Amino acid sequence: MDYKDLTGQILSVSQFNQLINEIISPLQVIVEGELAQVNTSSGRWFFATLKDDQASVNLFSPQDRLPNWQLLQEGMKVRVEGWPRLYQKNGRFSLFAHSIQPAGKGALKEAYEKLKKELAGLGYFDPARKRKPPRFIRKIGLITAPDSRAYSDFVTVLANQPAGIEVDFYPVLVQGNKAVDQIEQALAFFNSHKPLEYDFLILTRGGGSLED
């Protein structure tokens with residue numbers, strides 16, 4: 001499609017997407033950012049999000065183009081060499097990578113390690129702080145997201161335990177901006193409602209990315 005002079009031309013959506021893709025596809029770029037939401041479950045493709053503190057872009061590549069794809073992890077700072085792509089069917093913009101090389105430790109990973117070190121310094125992970133569980137469990141307080149994998153896994157495991165264990169479930173979000181407030185409210189609820197009645201208070205979630 002000739003895009004040098006489009007004055008007055010009316011394009012369909014598919015023609016517009018094709019036009020943009022033809023313009024940007026030849027551009028070979030090197031983009032530096034932090035990996036998030038790494039997904040290799042398809043078996044043939046490597047999918048991830050490349051981000052900084054102001055923006056993000058989806059990236060993808062066949063695994064056989066990336067000899068180091070198994071070493072790429074969320075939180076890694078990387079340099080991605082490739083070409084911009086616009087998927088014509090839905091207009092989704094992404095970066096088609098043919099090389100992804102580590103460029104240092106990412107900001108999210110550094111923040112996580114720093115927080116972990118601070119909490120360890122406060123003794124939160126000290127084995128001496130761990131309490132011995134009771135021999136017989138009567139009642140559990142459960143804090144997690146409803147209809148989540150964590151909830152279903154908990155119910156499955158509980159079904160294989162001796163009968164008679166009572167569970168009080170407090171549903172919360174476990175990711176996103178509202179998660180912290182809801183989890184704090186759940187903890188406050190159990191602490192204010194006869195906490196000695198509970199043998200365990202379980203706060204759990206399943207999966208999730210490093211940024212979550």
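Since every read-out is calculated from the coordinates, none of them should be taken as a lab result. Quick caveat, the model's predicted, so the values are computed rather than measured. Neighbour counts are summed over all protein chains in view; Cβ atoms, including those assigned to glycine, are modelled from backbone coordinates with ideal geometry.
Amide H to amide H, with H built 1.01 Å from N, Glu32 comes under 5 Å of Val80, counting only residues 5 or more places away or on other chains. A simple packing score, the average count of other Cβ atoms within 10 Å per residue, orders the peptides 152-160, 198-206, 126-134 as 198-206, 152-160, 126-134, with the highest score first.
Annotation: amide H of Phe46 within the under-5 Å range of Ser61, Gln63, sequence separation 5 or more or interchain, hydrogens built in the peptide plane.
Derived value for the chain: Kirkwood hydrodynamic radius 21.5 Å. Basis is the mean of 1/r over every pair of different alpha-carbon atoms. Among Ser25, Ser12, Ser61, the residue with the largest mean-square fluctuation in a Gaussian network model of the chain, with springs joining Cα atoms closer than 10 Å, is Ser12.
Computed over Cα pairs, the Kirkwood radius of the range 123-203 leads via Stokes-Einstein (0.890 mPa s, 25 °C) to a diffusion coefficient of 175 µm² per second.
Here the alpha carbons of the range 13-108 define both size measures, Rg and Dmax, at 13.5, 41 Å.
Think of each Lys and Arg Cβ as +1 and each Asp and Glu Cβ as -1; about the Cα centre, that makes the dipole of the chain roughly 700 debye. Phi angles of the range 9-19 translate, via the Karplus equation with coefficients 6.51, -1.76, 1.60 and θ = phi - 60°, into HN-Hα couplings of 7, 9, 10, 6, 4, 5, 5, 5, 5, 5, 4 Hz per residue; Gly and Pro are given as x. Using θ = phi - 60° in the Karplus curve 6.51 cos²θ - 1.76 cosθ + 1.60, the 3J(HN,Hα) couplings for the range 21-30 round to 5, 5, 6, 8, 4, x, 6, 8, 10, 10 Hz; x is entered for Gly and Pro.
Close amide H partners of Ser99, meaning residues 5 or more places away or on another chain with modelled amide H under 5 Å apart, are Glu81.
Here the 3J(HN,Hα) profile of the range 73-89, calculated from phi with Karplus coefficients 6.51, -1.76 and 1.60 at θ = phi - 60°, is 10, 4, x, 6, 8, 9, 10, 10, 9, x, 10, x, 9, 10, 6, 4, 5 Hz, Gly and Pro shown as x.
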